[in-house]
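Please read the structure below before turning to the comments.
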Amino acid sequence: MEARVLMMMMIILGCSLKLTEATMDEAEVFHVSGFVKCQDCSQGWNEWVQGDKPIKGARVSITCLDDCDGLAHYGSDATDDDGEFSLIVKKIVHGKKLNLKDCLVRLVSSPDSSCNILTDFGKGKTGVNLRQPSVIYRGVTKYVVGPFYYTTPTCDCDDEPDNNHKTYQGSS
């Protein structure tokens, strides 16, 4: 009987140590997740607003600076079948603490040739700085960004106006 009690106590102690170890590991990293989708502007309004489709294999990157504003971390992830990415980043890199508010998450590439034009809808083109964590629970810190969007080549608009084309100015 005493051997069983002693064995149970050892198992419980071992599980507690593993849980503490996992919590400490989680406290040393933070998570960033979100979605990458395709919006086709050539469709009607409802399809454009509600018809976004996930892009599998799209790449999203994170760039982080340290306390001295030096590049400390670059990482990227490809989206899954649902268009979701998930990045895990160490808070301390090469002995320097990352300044999480100076981490920038942005779109990199889309494998879908029919939907590979970067948009800034959701700030995927210019990037999003991490501000307020979406989840802080039991040592897990998670930021959720986006969704980020690509669009079709037919929807591509230059940011610079083209002086060769007339634009509608309205009536005077």
Protection proxy ranking, peptides 125-136, 142-153, average beta carbon neighbours within 10 Å, highest first: 142-153, 125-136
In what sequence do T154, T119, T63 fall when counting other Cβ within 10 Å, fewest first? T154, T63, T119
Difference of contour (0.36 nm per residue) and Cα-Cα distance, V144 to S109: 10.7 nm
Note, S33: beta-carbon cut-off 13 Å, +1 each Lys/Arg, -1 each Asp/Glu, net -3
Got a sec to turn the phi values of the stretch 27-33 into Karplus ³J(HN,Hα) couplings, 6.51 cos²θ - 1.76 cosθ + 1.60 with θ = phi - 60°, whole Hz, x for Gly and Pro? 5, 8, 10, 9, 10, 10, 9
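Computed from the coordinates by the stated procedures, all read-outs in this text should not be read as laboratory data. Since the model is a prediction, treat every value here as computed from it, not as a measurement. When we count neighbours, we look across all protein chains shown, and the Cβ atoms used for this are built from the backbone with ideal geometry, even at glycine.
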